[in-house]
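One structure below.
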Amino acid sequence: MEISANIKKNSDISKIKTSIINLANEHRLKNHYEEYEFIGKNRQVFRNHFVISLIFEEHDELLALFIKKIKMIKKVKIECIAFDDIVYKLMYASRNYLNLMEKSHAKEYLEKQRNGLLYKQDSVIFKAIKKKCN
């Protein structure tokens with residue numbers, strides 16, 4: 001799972017990072033990676049984000065609960081959810097993530113989404129990601 005926060009819109013990234021990691025640890029986090037993404041062209045910055053990649057133990061209910069709690073944190077977005085068991089299977093991708101992907105992979109994802117063929121599309125994880133936050 002990848003979660004991002006816009007650096008320009010968030011004054012305290014370290015606080016957000018700590019709260020995400022602490023919340024993830026409560027939901028069986030195995031490992032995490034952090035990076036900063038800067039994308040621009042001709043002095044114009046299009047993307048200036050902090051991105052954290054989280055790797056969890058396989059437990060659908062706990063991951064769904066984590067997703068519900070993450071969606072309550074303002075100015076933080078879930079970029080993608082995927083499963084990597086020898087073969088990488090993308091379960092969810094945000095619009096921003098799709099724009100950053102290779103066009104052929106993005107088209108393949110959208111085709112699978114239209115046909116209802118996404119990995120674990122009927123799971124509690126998918127329901128949690130699609131449910132609106134209160």
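Annotations
- Calculated FRET value between Ser104 and Val45, using beta carbons and R₀ = 41 Å, to 0.05: 0.95
- In Hz, Karplus ³J(HN,Hα) per residue of the range 84-89 (6.51, -1.76, 1.60; θ = phi - 60°; x = Gly, Pro): 10, 10, 6, 10, 6, 10
- Dipole magnitude of the range 2-130, debye to nearest 20 (Cβ charges: Lys/Arg +1, Asp/Glu -1, about Cα centre): 820 debye
- Qualifying GluC sites (Glu not before Pro) for the range 42-83 [loop in DSSP, other Cβ within 10 Å: at most 11]: Glu57, Glu58
- Rounded if a/c under 1.5, otherwise prolate or oblate - the range 24-101, Cα gyration tensor axes: prolate
- Between Tyr92 and Ile81, the built amide H atoms are under 5 Å apart, and every one of these is 5 or more places off in sequence or on another chain.
- Ellipticity estimate at 222 nm from DSSP helix runs (n ≥ 4, -39,500 (n - 2.57)) divided over the chain, nearest 500: -11000 deg cm²/dmol
- Cross-link partners for Lys131 among the aspartates and glutamates, with Cα-Cα distance under 19 Å and sequence neighbours closer than 8 places in the same chain left out: Glu2, Asp60, Glu61, Glu79, Asp122.
Any read-out appearing in this document is the output of simple, stated calculations on the displayed coordinates, not a laboratory observation. Bear in mind that the values here come from a model prediction, so they are computed numbers and not experimental data. A quick note on method: Cβ atoms are made from the backbone with ideal geometry, for glycine too, and the neighbour counts reach across all protein chains shown.
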